[in-house]
1. Determine whether Ile139 is modelled with pLDDT of 95 or more, β-branched (Val, Ile, Thr) and crowded, with 20+ Cβ neighbours inside 10 Å.
2. In the range 46-57, what residues are over 19 Å from the mean Cα position of the chain (by Cα) and open to solvent by less than 60 Å² (accessible area, probe 1.4 Å)?
3. Looking at the range 119-134, is at least one residue open to solvent by 50 Å² or more (accessible area, probe 1.4 Å), within 22 Å of Ala167 (Cα to Cα) and in contact with a strand residue (DSSP E or B) (Cβ under 8 Å, 6 or more places away or on another chain)?
4. Of all residues in the range 93-111 being part of a helix (DSSP H, G or I), open to solvent by 10 Å² or more (accessible area, probe 1.4 Å) and among the small types (Gly, Ala, Ser), which is modelled with the highest pLDDT?
5. Can you tell me which residues in the range 70-86 are more than 20 Å from Asp160 (Cβ to Cβ), of a type in the set (A, V, I, L, M) and either under 14 Å from the mean Cα position of the chain (by Cα) or surrounded by fewer than 17 Cβ atoms within 10 Å (Cβ to Cβ) (or both)?
Amino acid sequence: ALAICHGAGTFVVSATPTAGEKAVDELIKIEANKVGEFFEIRRSLEGWCAGQAAKAATKSHLSAMKARLDAMKTLDVTSDAWEENDIGFHAALAAATGNPLAVRMMEIMRGSFTAFYRLKRYIPNREEQTLIWQHHADIYEGVRGRSPERAQAAIIGHMDFIEAKLAESLEDFDAGET
């Protein structure tokens with residue numbers, strides 16, 4: 001089903017949300033002012049994942065992250081193929097923590113907040129696309145280099161950048177509505 005949300009666009013909504021998903025969806029509503037709250041949660045969870053992955057990642061975890069990173073290098077950030085590999089990269093990062101709960105929490109976040117992951121109002125230019133790929137490369141290098149601090153700083157920097165760009169694009173959209 002499609003949901004049209006004023007000021008935020010059109011989103012794919014799960015036709016049969018579970019009780020848990022529904023509660024989260026109702027809590028958050030897809031509003032521009034909720035984007036910051038969403039990124040706060042992501043920074044906490046994924047920042048922890050990045051730090052933990054830097055300590056615990058095995059060779060196969062690093063290979064899984066690298067495969068996604070290599071695929072992303074040649075893709076357009078706005079494409080479905082990028083989105084699929086981006087999801088795969090963040091899932092591989094969670095798996096690299098060695099903590100099944102972290103993996104499950106990432107899946108729940110992804111499922112419950114689909115609208116935020118699919119906000120396509122922000123269309124990065126070529127330079128920004130290269131920068132977004134570099135953010136992921138920096139996260140990977142921090143994990144590969146066994147540096148929790150570098151890995152965390154890279155993922156938080158990435159979240160900060162995306163949140164700021166998203167906020168700008170939502171403001172521009174709202175300004176265009178009046």
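The values are calculated or read from the model by the stated rules, or taken from the named source; none is laboratory data. A quick note: this is a predicted structure, and the numbers were derived from the prediction, not measured. We place every Cβ from the backbone using ideal geometry, glycine too, and count neighbours over all the protein chains shown. When the accessible area is computed, the model is the full protein with side chains, heavy atoms only, and any ligands, DNA or RNA have been set aside. Shrake-Rupley method; radii C 1.70, N 1.55, O 1.52, S 1.80 Å.
1. yes
2. Across the range 46-57, the qualifying residues are Ala56, Ala57.
3. Among the residues of the range 119-134, at least one is open to solvent by 50 Å² or more (accessible area, probe 1.4 Å), within 22 Å of Ala167 (Cα to Cα) and in contact with a strand residue (DSSP E or B) (Cβ under 8 Å, 6 or more places away or on another chain), which makes the answer yes.
4. Applying the filter and picking the extreme gives Ala95.
5. Within the range 70-86, Ala71, Ala81 qualify.
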